[in-house]
Each structure stands twice: as structure tokens, then as C-alpha cells.
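The values are calculated or read from the model by the stated rules, or taken from the named source; none is laboratory data. A quick note: this is a predicted structure, and the numbers were derived from the prediction, not measured. Neighbour counts are summed over all protein chains in view; Cβ atoms, including those assigned to glycine, are modelled from backbone coordinates with ideal geometry.
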Amino acid sequence: MKTRAIILAGGEGSRLGILTSRRTKPAVPFAGNYRIIDFALSNCVNSGIFDVMIIAQYRPQSLIEHIGAGGPWDLDRDFTGGVRIFTPYKTRQRNNWFLGTADAVQQNIPFIKSGSPDLYLLLSGDHIYTMDYEPMITFHLDHHADVTMATQRVAIQDASRFGVVRVNDDYRINSFIEKPAHPATNLVNMGVYLFNPEVLNSVMEADRKNKTSTHDIGKDIIPEMINQGARIFAYPYSGYWVDVGTIKSFWQAHMDLLKNPPSIDLNNRSWIIHTRTEERGPVRIFQGAQVENSLVSDGCVIGSGARILNSILSPGVIIQPGAVVEESILLTDVVVGAGAQIKKAILDKRVKIGENALIGMPQGGGPQGGNEDLFVTVGKNTEIPPGTTLQPGATIDSEVSATDFTGHLVKSGEFIKNWSINNDL
């Protein structure tokens, strides 16, 4: 049984704000050493699937550089599968960007069909989970399904964020509604599908001809197939799974890694999350520094008297003496100046925090005072001046320099923009 995985990795991910202003969501760094797409890729190879297509669109350069020829995942293969990346292209008949997930598949059907796979496994490239796809394939074959959809139970108050599924006693889906305002059940679509080849070909062609369709698999393809009586089944999955589509869910997924036990065991040698790693030296922690319940990546330096609590430090982060970092996510090569205090912040690559700055705190420091669900986000290559206060909920764009600040207080809800970037000058 030959299964071809098709990872849909073209989404803009606008709800992640400045984290996706310069990269596609699947390429966003995660858990210190990884990118979000590493989880889907690793699930494939750990499940014995080495034939992988990635369909990209929005700002794919970081993703392309990260995946390269696929070596870290043992996908640098020529004749027995391997990984291939596809982006929109111009033909004599059309010149369109992908209009939706179904259109992204449809435009690449000639490549998807090559080699005549027995099954197509369609995956989202922006979810965090560890799943063996083999039991789902067995379930699909045993139920003689046209399509099998992985499903999971979520809190009922969260169900409206997803496609909501209702099933019969044999797991056959009899109702599917994309993001209903008032969900009738808490069983939701995970964005993991198994299609029989002839079914995928026919439904994608029919959707292409449908002028009223938005060309989305969840919103259009699945409901139409149910209406036509297709055999669509819900595969029940009970492991950890999260769509890190918002700043809050991105932050919470990192905090879940710090639980005991963690949501996903990144040290599990029987299910390795593969990635492209950087060559960095060992972590150095100076005398008097305190590190508690945190993930600290290679190349980090933690100065004397600094405190790291419930945080994730990516490779090359430097914490200067006396600085405090709490419940925060610091991406590669961030520098935190001496005496700075950071709480519930997400700092993108190469951000520099000036001495004695207060990040994620009211002016003058102290408790957050009812702002527990607000996060400070700072974009790539930005420099925060010494003594600056960024209140909870403040956002700073990429490439902002210290000279761009007109004051030393950025209030909750304010957004300091780099106008040259935002206007493509």
C-alpha cells in the first residue's frame, strides 16, 4: 500500500501577527529547536511514509530553506519518494494564486497523481501533534471509506473554531459544519484526511467547475460529499493536538511543553521530531543564575543573577546579568539587556531588549492587573531602547530600531510599525 502525503503549507496565518509577517505559518519556530512543520513531516516518516509533497504559497522562502533536500527527515530521495515543494505557477490557461485548500490540490493534480499512489494523506502543515498514521490507514481500509477524517473531542466552548462533525454508531459522518456559531457537538475536524485516488480526482474536478465554491476542503468538498452520500468516516484520535493559529494558542502550546508530564515528550527516542539543527556551542549558565521549569537550547548564555522561569529559549539567546524572563518565548539570537524584566512576551529572532526595560508589565513594573491573556509580541531584528516599558498587549513590528521610538512607553493595544516594511518601500 503506497501512501503519498500532501502537506498544505501555504497559509498566511494572519492571526499570528508579526510572527507571520515575514514567513509562512508552518515555518514559524517552535519549542526552541523546531519549526511548526517539523511535526507533520516527522509524523510522516515515523509512520513509514517517505513520499511527501508540500504545497506552499505565502512567503515560502524560510520554509524552502528549512526543508532543503529533506535530509534531516531522511526524505532526500530520488526514486523511492522523498520530499518535493510546489508553489503556484503560471500556465497558458490560468495565472491564479491558490484560492483555497482544494484549489491548491487541484492545481497540482498532475504532480499528485504521478506514480499512481494507492492513498492520499492530506495534512495541515501548521498543527502540533504526534500521530502514527498507520492505524488511521487501517481504519480507512476496514471501513471501505471514500474519505477518512481524523477527529478529536475539544472543549465545547472551543468547537466553533473548527469544523464540527456528527457521526453514526459506526463512525460514519452524517453532518459536517465549518465553524458554526453554536456547535451541536464537540467532535471536530483535525485537518487530516485520507482520500482514495479516484475520489480525490473526481471531487476536485467537480469543485473546480463549481463557480459558487470557495474551493476549501472543509467548507466545500466535505459537506458536498456528505450531501451526495459518500462514505466519509471519522477516525477518533485522543492524543495531544493543537492548531497554533493564534498568539494565545501558540503561547499556550509552549506552556503545555513545560507541564509535568509535558504535552509532547520531545525526548521520546521512539518518536523523534526531526529538524534542521544549527551548530551551536553548549549552554553556559553563570554563577548565581536561576533557571526553573524551562527549555534552554544550545548556544544560550545566562548571566550572573539572571532568572529564567517557565520560558523557552531558542538557540543563541543571551540573557545579561540581573535580567528576568518569565512565561515567555524567545526565538533565536535574542539579547536581553541587564536588569530587564520580561513577562508573557514572544520575541522573534534577533530582537534586542535594552537594559532595565519592562516588557509585558504596566509602567513601573508590578503585577499585570487583569491583563493575564495579553501578550507582548516583538518582530524580527527589532531593538527596544533601554528603560522602555511595553505594556501587556503591545506589539512592535519587525526591523524597528531604537531611534524609531518617540517615547519609552508603549501602551496595551498599541502597534509600533516599521512603515518602510508595511509599505514595501
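Give me the pairs: first residue in the range 135-154 and more than 11 Å from residue 193 (Cα to Cα), second residue assigned to a strand (DSSP E or B) and hydroxyl-bearing (Ser, Thr, Tyr), beta-carbon distance under 6 Å, and six or more apart or on different chains, which are they?
Sorted first by the residue in the range 135-154, then by its partner, the pairs are 139/235.
Yes or no, residue by residue, for (1) surrounded by 21 or more Cβ atoms within 10 Å (Cβ to Cβ); (2) closer than 19 Å to residue 222 by Cβ; (3) aliphatic (A, V, I, L, M); (4) not assigned by TED's automatic domain parsing to the domain that holds residue 38:
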| site | (1), (2), (3), (4) |
| --- | --- |
| 105 | yes, yes, yes, no |
| 112 | yes, yes, yes, no |
| 135 | no, no, no, no |
| 139 | no, yes, no, no |
| 148 | yes, yes, no, no |
| 166 | no, yes, no, no |
| 188 | yes, yes, yes, no |
| 195 | yes, yes, no, no |
| 201 | no, yes, no, no |
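Going by what's in this entry, would residue 8 be described as surrounded by 23 or more Cβ atoms within 10 Å (Cβ to Cβ), assigned by TED's automatic domain parsing to the domain that holds residue 105 and farther than 26 Å from residue 267 by Cα? Before the answer, list the steps.
Working: surrounded by 23 or more Cβ atoms within 10 Å (Cβ to Cβ): yes; assigned by TED's automatic domain parsing to the domain that holds residue 105: yes; farther than 26 Å from residue 267 by Cα: yes.
It is true that residue 8 is surrounded by 23 or more Cβ atoms within 10 Å (Cβ to Cβ), assigned by TED's automatic domain parsing to the domain that holds residue 105 and farther than 26 Å from residue 267 by Cα.
Among the numbered conditions (1) under 22 Å from residue 109 (Cα atoms); (2) crowded, with 19+ Cβ neighbours inside 10 Å; (3) under 18 Å from the mean Cα position of the chain (by Cα), tell me where residue 57 comes up short.
Just one mismatch for residue 57, condition (2).
Can you name the residue in the range 195-219 that is assigned to a helix (DSSP H, G or I) and touching a helix residue (DSSP H, G or I) at 6+ places or on another chain (Cβ under 6 Å) and is also nearest to residue 109 (Cα to Cα) among such residues? Spell out the reasoning first.
Quick first cut of the range 195-219, residues assigned to a helix (DSSP H, G or I) only: 197-209, 217-219.
Subsequent filtering for residues that are touching a helix residue (DSSP H, G or I) at 6+ places or on another chain (Cβ under 6 Å) retains 203-204, 207-208, 217.
Values: 203: 12, 204: 9, 207: 13, 208: 12, 217: 15 Å.
Here the residue is 204.
Report yes if some residue within the range 11-28 is farther than 20 Å from residue 381 by Cβ, at pLDDT 95 or above and out of contact with any His (no Cβ under 9 Å at 6 or more places or on another chain); otherwise report no.
Applying the first criterion (farther than 20 Å from residue 381 by Cβ) to the range 11-28 yields 11-12, 14-15, 26.
Going one step further and asking which of them are at pLDDT 95 or above, we end up with none.
Checked the range 11-28: no residue is farther than 20 Å from residue 381 by Cβ, at pLDDT 95 or above and out of contact with any His (no Cβ under 9 Å at 6 or more places or on another chain).
Considering only residues that are crowded, with 17+ Cβ neighbours inside 10 Å and charged (D, E, K, R), look in the range 209-230 and name the one that is nearest to residue 99 (Cα to Cα).
Only one residue fits best here, namely 216.
Within the range 117-133, which residues are within 26 Å of residue 229 (Cα to Cα) and not in a strand (DSSP E or B)? Steps first, answer last, please.
To start, the set of residues in the range 117-133 that are within 26 Å of residue 229 (Cα to Cα) comprises 117-124, 133.
Across the range 117-133, the qualifying residues are 117, 118, 133.
Can you find even one residue in the range 17-27 that is assigned by TED's automatic domain parsing to the domain that holds residue 127, basic (Lys, Arg), assigned to a loop (DSSP other than H, G, I, E, B) and under 12 Å from the mean Cα position of the chain (by Cα)? Walk me through how you get there before you give the answer.
First pass over the range 17-27, keeping only residues assigned by TED's automatic domain parsing to the domain that holds residue 127: 17-27.
Filter once more, so that each one left must be basic (Lys, Arg): 22-23, 25.
Next, only the ones that are assigned to a loop (DSSP other than H, G, I, E, B) stay: 22-23.
Next, only the ones that are under 12 Å from the mean Cα position of the chain (by Cα) stay: 23.
Yes, the range 17-27 contains a residue that is assigned by TED's automatic domain parsing to the domain that holds residue 127, basic (Lys, Arg), assigned to a loop (DSSP other than H, G, I, E, B) and under 12 Å from the mean Cα position of the chain (by Cα).
Restricting attention to the range 234-249, does a residue exist that is in contact with a Ser or Thr (Cβ under 6 Å, 6 or more places away or on another chain), closer than 22 Å to residue 19 by Cβ, part of a loop (DSSP other than H, G, I, E, B) and in contact (Cβ under 8 Å) with a residue 60 or more places away in the chain?
yes
So the check is Cβ under 9 Å with 6+ separation or different chains; which pairs have a first residue in the range 286-307 that's under 18 Å from residue 327 (Cα atoms) and a second one that's surrounded by 13 or more Cβ atoms within 10 Å (Cβ to Cβ) and basic (Lys, Arg)?
Correct list of pairs: 289/307; 290/307; 291/307; 292/307; 297/280; 300/280.
Having 1 or more residues that are at pLDDT 95 or above, surrounded by 20 or more Cβ atoms within 10 Å (Cβ to Cβ) and over 23 Å from the mean Cα position of the chain (by Cα) is the bar; report the strands (runs of 3 or more DSSP E) wholly within the range 314-375 that clear it.
Values: elements: 324-326, 341-343, 345-347.
In the range 314-375, 324-326, 341-343 are the strands (runs of 3 or more DSSP E) which contain 1 or more residues that are at pLDDT 95 or above, surrounded by 20 or more Cβ atoms within 10 Å (Cβ to Cβ) and over 23 Å from the mean Cα position of the chain (by Cα).
Taking the conditions exactly as written (part of a strand (DSSP E or B), at pLDDT 90 or above and either touching a Pro at 6+ places or on another chain (Cβ under 9 Å) or among the basic types (Lys, Arg) (or both)), does residue 164 satisfy them or not?
Working: part of a strand (DSSP E or B): yes; at pLDDT 90 or above: yes; either touching a Pro at 6+ places or on another chain (Cβ under 9 Å) or among the basic types (Lys, Arg) (or both): yes.
The answer is yes for residue 164.
Pairs only if they're at least six apart or on different chains, beta carbon under 6 angstrom, first in the range 186-210 and without any contact (Cβ under 8 Å) to a residue 40 or more places away in the chain, second assigned to a loop (DSSP other than H, G, I, E, B); list them, first residue then second.
Filtered contacts from the range 186-210: 186/154; 188/154; 188/162.
Quick one: residue 148 ticks every box in (1) modelled with pLDDT of 95 or more; (2) under 26 Å from residue 252 (Cβ atoms) except a single one, so which number is it?
Tallying (1) modelled with pLDDT of 95 or more; (2) under 26 Å from residue 252 (Cβ atoms), residue 148 fails exactly one: (2).
Each row is one residue, and each column tells you yes or no for (1) assigned by TED's automatic domain parsing to the domain that holds residue 386; (2) under 30 Å from residue 44 (Cβ atoms); (3) out of contact with any His (no Cβ under 8 Å at 6 or more places or on another chain).
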| position | (1), (2), (3) |
| --- | --- |
| 243 | no, yes, no |
| 265 | no, yes, yes |
| 270 | no, yes, yes |
| 279 | no, yes, yes |
| 293 | yes, no, yes |
| 298 | yes, yes, yes |
| 314 | yes, yes, yes |
| 322 | yes, no, yes |
| 340 | yes, no, yes |
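So which pairs qualify, if the first residue must be in the range 101-117 and without any contact (Cβ under 8 Å) to a residue 24 or more places away in the chain, the second must be surrounded by 14 or more Cβ atoms within 10 Å (Cβ to Cβ), the Cβ gap must be under 8 Å, and the two must be at least 6 apart or on different chains?
107/88; 107/98
Give the number of residues within the range 134-151 that are over 25 Å from the mean Cα position of the chain (by Cα) and not hydrophobic (A, V, I, L, M, F, W, C).
Filtering the range 134-151 for residues over 25 Å from the mean Cα position of the chain (by Cα) gives 138-146.
From what is left, the residues that are not hydrophobic (A, V, I, L, M, F, W, C) are 138, 140, 142-144, 146.
The number of residues fulfilling the criteria is 6.
Among the numbered criteria (1) of a type in the set (Asp, Glu); (2) buried (at least 18 other Cβ atoms within 10 Å of the Cβ); (3) at pLDDT below 95, which single criterion is violated by residue 383?
(3)
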